[in-house]
């Protein structure tokens with residue numbers, strides 16, 4: 001197991017287009033998190049799953065954002081009708097269940113909206 | 001709401017000098033505390049964490065941090081900086097009792113190491 005992977009690593013899209021990102025967690029991890037990181041800032045929590053259930057969503061997550069984890073393994077994050085303000089690094093992390101377990105981060109998907 | 005403050009967005013030290021990166025949290029109930037490091041174009045890697053017990057925590061790459069409840073602080077230190085320590089460092093907290101375990105991050109401190 002080589003850790004958390006994310007695809008694509010980079011995405012350039014035009015304003016108004018839809019984009020979808022994929023995250024593959026460490027196989028035995030039942031929790032999966034999405035964060036967003038803008039330049040010069042720390043990551044901001046977006047949402048998390050335990051197995052296939054989406055248990056918490058941030059108020060930052062507008063209706064244009066949707067995330068799924070259909071079989072409790074990989075997850076997708078879709079942004080509809082992208083805006084320039086969506087340009088950021090989207091980070092995925094996974095962990096075992098429990099508040100103090102380490103979250104392992106993927107390399108991120110950098111989104112640029114032109 | 002819980003918040004994390006990292007004093008100094010950029011810290012520069014000479015190779016071999018002490019590294020001190022500051023982190024303060026806002027909660028009256030001590031949260032779980034973490035330090036992560038991020039190298040360019042890479043994801044975050046955990047350096048160390050405090051959950052309970054001994055307040056001085058040792059992590060990877062010679063880093064350590066001390067939890068001080070009275071100061072609501074969790075500063076990161078390393079006795080002797082190495083060129084390879086140059087990176088972005090993030091302090092993060094996870095609220096006790098929040099079963100989700102989501103992390104709340106500070107804004108980060110970029111560490112530069114001069115030869």
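Please treat every number below as a calculation from the coordinates, not as lab data. In this text, all values refer to a predicted model and were calculated from it rather than measured experimentally. Neighbour counts run over all protein chains shown; Cβ positions are idealised from the backbone, glycine included.
Points worth noting:
- Convex hull of Cα atoms in the stretch B:1-49, direction-averaged projection (nm²): 4.8
- Across the protein assembly as shown, Cα-Cα pairs more than 22 Å apart make up 52 percent of the total.
- Fewest neighbouring Cβ atoms within 10 Å first, the residues B:67, B:34 line up as B:67, B:34.
- Average beta-carbon neighbours from other chains, 10 Å sphere, peptide B:43-49: 5
- What the Cβ-Cβ distance of residue B:77 and residue B:45 gives, at R0 = 25 Å and to the nearest 0.05, is a FRET efficiency of 0.90.
- Where labels lie 7 Å past Cα in the beta-carbon direction, separation of residue B:84 and residue B:68 in nm: 3.0
- What the Cα atoms of chain B give is an Rg and a Dmax of 13.6, 45 Å.
- Interatomic Cα distance distribution for chain A, bins of 10 angstrom, percent: 15, 50, 29, 5
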